């Protein structure tokens, strides 16, 4: 996410507020502290097309039919606290999705390494065979 401006992305985010459950006493019944952060990937002017494709691929289970990413927070007692938590979750989700994965380089074990492994297997098999019961009836 080195070429994407986070402040511009956060300006494209919409917030929905509602009453949340949990601790807070009468405050829970009066104040809308639950925050739902909604970000539409396709409508974003800030995200490049490549980033949109990556987000669509990696976050497919968190995107609804209208290509919205929704993040909900209701753990804090205040709307501001829940808004901060929702933004933190959203930024972390974007960062994790847009990290470029390292390409695995396949390696092959050397011939001497393979022969060494086979030799160790033979020794272990011999050791286990010697531990087994022997037939002493033959005199």
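The values are calculated or read from the model by the stated rules, or taken from the named source; none is laboratory data. Computed from a predicted model, the values in this text were never measured in an experiment. Heads up, the Cβs are rebuilt from the backbone with ideal geometry, glycines too, and the neighbour counts pull from every protein chain shown.
A few comments on the model shown:
- Given (1) over 17 Å from residue 93 (Cα atoms); (2) modelled with pLDDT of 90 or more, number of the condition residue 76 does not satisfy: (2)
- Only one of 88, 66 that is within 21 Å of the chain's Cα centre (by Cα) and loosely packed, with under 15 Cβ neighbours inside 10 Å: 88
- Among the conditions (1) surrounded by 11 or more Cβ atoms within 10 Å (Cβ to Cβ); (2) under 16 Å from the mean Cα position of the chain (by Cα); (3) under 30 Å from residue 19 (Cα atoms), the only one that residue 74 does not satisfy is (2).
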